[in-house]
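Here is the structure we will look at.
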Amino acid sequence: MAQSEVQLIRKSDFIVDIFAVGAFFAFMFSILRSHVPSNDPTMIMLWSVGTAACMSGVFWLALWMFRVVFRYQKELNARK
């Protein structure tokens, strides 16, 4: 008998990720504004947005990796 494929990615994951990464971006942006060593509001905005965007990308990758590994581990444990 052929084993069924594990569905590691669902369509609803994208909607959840948009909200989770958006909230993380807003949180990091608000924290990083006070850490930019400048008095120019344009530079503060530019560097805090750039840094928050990079950190949000890493957060998104970590979220996907956690989700896929968690679902796969759950499936392996269910087969035992």
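The values are calculated or read from the model by the stated rules, or taken from the named source; none is laboratory data. What you see is a predicted model; the values in this text were computed from it and never measured. Cβ placement follows ideal geometry from the backbone for every residue including glycine, while neighbour counts extend to all protein chains displayed.
Structure above, values below:
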{"item": "In segment 4-27, residue modelled with the lowest pLDDT [restricted to those that are assigned to a helix (DSSP H, G or I) and surrounded by 13 or more Cβ atoms within 10 Å (Cβ to Cβ)]", "result": "Asp13"}
{"item": "Lone qualifier among Arg71, Arg67 - being of a type outside the set (Phe, Trp, Tyr), out of contact with any helix residue (DSSP H, G or I) (no Cβ under 9 Å at 6 or more places or on another chain) and in contact (Cβ under 8 Å) with a residue 24 or more places away in the chain", "result": "Arg71"}
{"item": "Output for segment 28-63, where each listed residue is under 18 Å from Phe14 (Cα atoms), without any contact (Cβ under 8 Å) to a residue 12 or more places away in the chain and surrounded by 12 or more Cβ atoms within 10 Å (Cβ to Cβ)", "result": "Gly57"}
